[in-house]
1. When region 187-220 is examined, which residues are found to be assigned to a loop (DSSP other than H, G, I, E, B) and either open to solvent by less than 20 Å² (accessible area, probe 1.4 Å) or among the small types (G, A, S) (or both)?
2. Do we find a residue being outside any loop (DSSP other than H, G, I, E, B) and over 29 Å from Q201 (Cα atoms) anywhere in region 68-80?
3. Quick one: is Q180 open to solvent by 50 Å² or more (accessible area, probe 1.4 Å), touching a residue at least 24 places away in the same chain (Cβ under 8 Å), of a type outside the set (G, A, S) and out of contact with any Asp or Glu (no Cβ under 8 Å at 6 or more places or on another chain)?
4. Could you give every pair whose Cβ atoms fall below 7 Å, whose first residue belongs to region 153-164 and is under 16 Å from I70 (Cβ atoms) and open to solvent by less than 40 Å² (accessible area, probe 1.4 Å), and whose second residue is outside any helix (DSSP H, G or I) and of a type in the set (D, E), counting only separations of at least 6 or pairs across chains?
5. Whether any residue in region 99-107 is β-branched (V, I, T), at pLDDT below 75 and surrounded by 10 or more Cβ atoms within 10 Å (Cβ to Cβ) is what I want to check.
6. Examine region 82-89 for a residue that is modelled with pLDDT under 75 and open to solvent by 80 Å² or more (accessible area, probe 1.4 Å), and state whether such a residue exists.
7. So, in region 115-146, exactly how many residues are open to solvent by less than 50 Å² (accessible area, probe 1.4 Å), assigned to a strand (DSSP E or B) and modelled with pLDDT of 70 or more?
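The values are calculated or read from the model by the stated rules, or taken from the named source; none is laboratory data. Since the structure is predicted, the reported quantities are computational estimates derived from the model, not experimental observations. Note: ideal-geometry Cβ built from the backbone for every residue, glycine included; neighbour counts use all protein chains shown. Ligands, DNA and RNA are stripped out before the accessible areas are found, and what is left, the full protein with its side chains, is counted by its heavy atoms. Shrake-Rupley method; radii C 1.70, N 1.55, O 1.52, S 1.80 Å.
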Amino acid sequence: MLTFILIAVGVIVLTIVLVKLIDKFVPAKAKPFLTIALWLLIAFLGYQTYMSIYEPIKFNKVKKKRYAQIIESLIDIRDAQLAHKTVTGKFAKDFDGLVKFIDTAEFTITQRRDSSIIDDALTKLYQVDTFKDIVIIDTLGFVPIKDSLFKNSDRYKTMMNVPIGKAGEKFKLQAGYLEQNGINIPVFEASVKKNVILHDQNPDLLVQENQVVSVDGVNGDALKVGSMDEVNTSGNWPKTYGDNE
C-alpha cells in the first residue's frame, strides 16, 4: 500500500510538471486537450491515493464493530456450554440440545460445612470415643439456568444465529472428547468464518485479515471460542475486544 501511495504521488508530481511544460512548449491549439487530460489524470490518481488510505480505515472500523457483536454471541454460547458441562458433565453437540437444556435445567445451590462423627472402627479399637472429620453438603435450593445466565432475556434462543454479516448464517458448533493421560476430557468449539462476518468488505483487505498473525488481532480465518484440538474454553480474540477467558 505504501509503495502504491509513493508511486501515485510521484506520478501526480510528474503530471503537474508535464502540465507546466505543455503550457510552455506545446502549440496553443493542442494545449487545452492535453491540459484537460493531464488534470483528469491528476484527479484520478489523487482519488486512488485517497481511497488507498481511506479503505483500510473504513475496513478496520467495520471489522471492530462487527467483531464486537460476534464476540458477545460467542460469550453467550460459551457460558451456556460451561453450564451444560457443570450439570451434565459434557458439552452439547448442537444448538437444539443446548437451547432445550437452558430452558429446562437448573443449578443446584449447595452449602458445604465441616462436621465430625464417631469413628466406629477406632472407637472399638481404642475403647474410647474417637471422632473423624467429614464434610456435609446441604442442598439449599435450585435456580433455573436461564435465569442465572440470561436473567430476563431470551437471546439464548437465537444465539446460534450470526448477528451480523452475511444474512442467514449460523455459528458452527462442535463438541466431543480429547484423551489425555488415558482420560477423556470434554471439549467444544463454536466458530464463524471472517468471510461470513466481512463478506461485503474490500476483498483484498479481507484476504489480508484472514492471514493475520498478531497479538493485537484475531489470528486465523475465523472468530471462535473453545477448541477441538486442546482443552481450552478461551476465545481467540485479543482482550481489547473484551474478556476472552
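1. Scanning region 187-220 gives L198, S214, G217, V218, G220.
2. Yes, that holds for at least one residue.
3. yes
4. From residues that are under 16 Å from I70 (Cβ atoms) and open to solvent by less than 40 Å² (accessible area, probe 1.4 Å), the pairs are V162/E169.
5. no
6. no
7. Residues that pass the stated criteria total 2.
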